[in-house]
Amino acid sequence: MSEDKKSLNFLEQIIEEDLNNGLDQSKLRFRFPPEPNGYLHIGHTKAIGISFGLGEKYNAPVNLRFDDTNPAKEEQEYVDAIKEDISWLGYQWANELYSSDYFQILFDWAVQLIKDGKAYVDSQSSEAMAEQKGTPTQPGVDGPFRNRSVEENLDLFMRMKNGEFDEGEHILRAKIDMQHTNMLMRDPLMYRILKKSHHRTGDTWCIYPMYDWTHGESDYIEQISHSLCSLEFKPHRELYDWFKEQVYDYSKSEYPMQPKQREFARLNLSYTIMSKRKLLQLVEDGIVNGWDDPRMPTISGLRRRGFTPNSIRKFVETVGVAKRENIIDYALLEFCIREDLNKKAPRVMAVLDPLKVVITNYPEDKEEWFEAENNQEDASAGFRKVPFSKEIYIEKADFKEEAGSKFFRLKLGGEVRLKNAYIIKADSVVKDSQGNVTEVHCTYSEDTERRIKGTLHWVSIKHAVNAQVREYDRLFLDEAPDSHEDKSFMDFINPNSLKTITAFVEPSLKDAKVGEQFQFQRLGYFNVDNDATSQALVFNKTVGLRDSWAKQKPKNNTQNNQQKQPQQNNRSAIEQIKSYGKKYDRMKPEQQDKAKAEIQALAKDVAYQDLEPLFGTSVKKTGTRVITMITLGVLLDNGLDKTEAIDDFINKALEDKSELLVNEAKAINK
């Protein structure tokens with residue numbers, strides 16, 4: 001394999017292979033298709049970076065398409081926020097599109113499928129349909145309405161469209177194969193009745209297409225060459241292709257190219273949660289101050305904290321494109337922002353924990369303005385003037401009355417260099433009644449050519465500007481806060497994730513504007529917060545100058561944890577979990593508690609694509625549905641975003657006769 005070939009990720013290799021096999025590069029098209037039902041977070045940046053990155057690499061258009069098929073959860077607010085985030089990241093979409101733009105052609109195609117005997121209206125309850133669907137190991141059976149006549153199906157579908165039926169009374173299903181080994185192919189839903197107003201189409205429609213039917217056909221209409229999505233959609237690929245192949249027969253002259261779906265691993269980050277439900281809980285419980293709180297992993301939160309588009313894009317590029325799920329260390333994201341800001345952030349002086357220094361041999365009424373370099377990493381950054389006077393502030397931590405030979409900051413009898421100014425020597429101290437040092441009296445020397453090991457930042461008291469500084473730390477103390485069987489993720493909230501202090505900054509910052517970024521020398525990188533005004537400066541700490549967490553990481557207890565987990569031969573985690581389903585609902589309460597803990601431990605190694613087929617388990621198999629719900633809860637806690645299939649499974653469970661199943665569904669739906 002050539003060096004060029006080796007440097008390509010697996011998605012690029014697929015594209016290169018297609019180009020080598022005759023695909024014209026001008027036909028390459030990509031898309032980013034968010035659902036407008038929430039705010040984007042750091043996990044979404046990987047999907048954004050992949051699609052838009054490929055667009056940049058191949059000079060190909062990338063559509064921003066909102067998959068807006070569920071009017072119950074979608075709002076214009078989310079559309080606007082998503083557009084703002086993507087633009088801020090520096091990406092430009094070729095076309096802003098909506099799946100709702102295609103409601104009419106999707107409807108027309110559905111009518112054609114009915115005419116061809118490939119779709120039918122089902123009038124059963126959801127429970128009856130689930131029971132007929134079978135299990136991953138048991139084929140489904142045909143329902144009583146599967147062989148309705150074309151004429152009756154067309155009549156019912158038109159009446160569904162015209163609003164003659166209530167929600168849940170009828171649905172449209174594709175007619176594929178109820179015995180198919182892939183449960184998603186067992187006559188999947190295409191349309192349901194939803195009498196809710198849509199954020200774009202208003203009340204024009206009262207039937208709405210399901211995601212699986214809409215998504216692939218929207219790709220096809222837009223002539224997307226490569227439909228790239230995360231791994232949980234891999235089991236859907238077969239259905240994606242089936243729908244695509246049917247409509248291709250209807251519209252091949254207008255839409256000659258069929259898209260290709262391929263999947264990549266999601267982005268998971270340590271010390272972070274990605275579950276929208278849990279992020280919402282942080283907001284609603286007042287743990288954070290809204291979705292753009294600088295401690296939140298949302299793009300708006302990262303932006304407010306001071307992360308730059310370049311740093312996030314570099315992070316995504318460094319993480320790379322993988323086929324298997326993994327967890328990325330949060331320190332990598334911090335490294336990327338440090339690298340970016342080091343190159344461009346102006347250096348300034350600020351004192352966060354002040355100690356007064358009086359320079360006794362400096363004239364009372366004298367002041368000087370020294371020249372200070374703005375950024376040694378950027379020759380074009382130039383210089384600024386900083387004032388000096390008899391009284392200055394330094395950091396309390398930079399002074400000790402007595403210290404060892406390796407303490408290179410200020411101590412009694414010792415000398416330090418003041419950044420951009422003189423050398424000072426500590427002669428005496430003033431203390432309060434509790435014995436705390438309140439002032440250090442020093443003398444200065446104009447002989448600045450001498451070699452002095454320690455250099456301190458400082459600000460002139462006479463010229464200092466008051467500022468509020470918000471120092472942020474990681475929101476969670478645990479690397480995987482939502483992975484513990486016996487504890488809630490809320491148990492790992494860092495009580496010191498926000499520290500608000502009054503600081504003193506040099507006067508050059510008096511007119512700093514919202515969003516501007518600086519390195520407070522020797523302290524870290526800070527930016528001006530949205531709350532700042534011309535009368536009151538507010539800074540956010542973006543990141544320290546070095547990784548202060550490196551020594552705090554908990555020791556790896558992986559082996560111990562593995563020993564505590566149940567050992568059941570070498571079967572996969574999902575197979576072990578399924579074995580509990582046969583008897584779970586018949587266990588005694590104490591047995592259920594033990595089994596549930598073991599299921600939750602195993603669930604961490606289960607992929608969503610292996611779990612989703614169990615959503616169609618027969619109503620009679622209560623135990624299997626309960627263990628499926630328990631496993632789903634763990635996946636959602638670990639950052640899995642809800643899909644229509646997940647919502648449908650939970651909603652059906654909430655209406656079930658089994659109290660056991662209802663309780664597990666309620667626990668997820670909190």
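The values are calculated or read from the model by the stated rules, or taken from the named source; none is laboratory data. A quick note: this is a predicted structure, and the numbers were derived from the prediction, not measured. Heads up, the Cβs are rebuilt from the backbone with ideal geometry, glycines too, and the neighbour counts pull from every protein chain shown. Side chains are part of the model used for accessible areas, which takes the heavy atoms of the whole protein and leaves out ligands, DNA and RNA. Shrake-Rupley method; radii C 1.70, N 1.55, O 1.52, S 1.80 Å.
Remark: the chain carries a charge dipole of roughly 1820 debye about the Cα centre, counting +1 on each Lys and Arg Cβ and -1 on each Asp and Glu Cβ.
Magnitude of the charge dipole for the range 163-222, about its Cα centre and with charges confined to Cβ atoms of Lys, Arg (+1) and Asp, Glu (-1), is about 100 debye. Amide hydrogen proximity for Ala480: with H placed 1.01 Å from N in the peptide plane, the residues at 5 or more positions away or on another chain lying under 5 Å are Tyr271.
Can you sort Ile14, Ile394 by 1.4 Å-probe accessible area, starting with the largest?
On the way: Ile14 35, Ile394 0 Å².
So, going from the largest accessible area down, we get Ile14, Ile394.
The residues of the range 383-434 have, on average, 52 Å² of accessible surface per residue, using a 1.4 Å probe with all protein chains present. Backbone geometry of the range 344-354 corresponds, through the Karplus equation with coefficients 6.51, -1.76 and 1.60 at θ = phi - 60°, to 3J(HN,Hα) couplings of 10, 6, x, 8, 9, 10, 8, 10, 8, 10, x Hz, x marking Gly and Pro. Residues of the range 447-489 with an amide N closer than 17 Å to a point placed 7 Å from the Cα of Thr533 along the Cα-to-Cβ direction: 466-469.
Listed by chain and number, the lysines whose alpha-carbon sits under 18 Å from that of Lys390, ignoring those within fewer than 8 places in the same chain, are Lys356, Lys366, Lys419, Lys425, Lys462. Count Lys and Arg as plus one, Asp and Glu as minus one, and take only other residues whose Cβ is under 9 Å from that of Asn63; the net charge is then +1. Quick one: net charge of Asn182's neighbours, Cβ under 13 Å, K/R +1, D/E -1? So the surrounding residues net to -3.
Residue farthest toward the positive end of the dipole of the chain, with Cβ of Lys/Arg at +1 and Asp/Glu at -1: which of Phe52, Leu332, Phe518? Looking along the dipole axis, the top candidate is Leu332.
The angle separating the long axis of helix 44-58 from the principal Cα axis of greatest extent in the chain is about 90 degrees. Phi-derived couplings, Karplus 6.51 cos²θ - 1.76 cosθ + 1.60 at θ = phi - 60°, listed residue by residue for the range 92-106: 10, 7, 6, 9, 9, 10, 9, 4, 5, 5, 9, 4, 5, 5, 5 Hz, with x used for Gly and Pro. Taking 29 Å as the limit for the C-alpha separation, the pairs Lys487/Lys583; Lys195/Lys604; Lys27/Lys344; Lys400/Lys499; Lys27/Lys642; Lys278/Lys396 exceed it in the case of Lys195/Lys604; Lys27/Lys344; Lys27/Lys642; Lys278/Lys396.
Label point of His441 set 7 angstrom out along Cα-Cβ; within the range 415-430, amide nitrogens under 15 Å from it belong to 425-430. One quarter of the convex hull surface built on the alpha carbon atoms of the range 286-408 amounts to 13.6 nm², the projected area averaged over directions. Summarising the amide proton neighbourhood of Lys462: residues at separation of 5 or more, or on other chains, whose placed amide H is nearer than 5 Å comprise Glu391.
Which GluC sites (Glu not before Pro) from the range 183-284 combine a DSSP loop assignment with at most 16 other Cβ atoms within 10 Å?
On the way: sites: Glu217, Glu222, Glu232, Glu238, Glu245, Glu254, Glu263, Glu284; in loops: Glu222, Glu254.
Of the GluC sites (Glu not before Pro), the ones in loops of the range 183-284 whose Cβ has at most 16 other Cβ atoms within 10 Å are Glu254.
Quick one: dipole size for the range 82-144, taken about the Cα centre, charges +1 on Lys/Arg Cβ and -1 on Asp/Glu Cβ, in debye to the nearest 20.
It comes to approximately 160 debye.
Under 5 Å from the amide H of Ser275 lie the amide H atoms of Gly639, each residue being 5 or more positions distant or on a separate chain, with H modelled from the backbone and absent for Pro and chain starts. Comparing Gly616, Ala379, Val459 along the charge dipole axis of the chain, the residue lying farthest to the positive side is Val459, per the Cβ-charge model.
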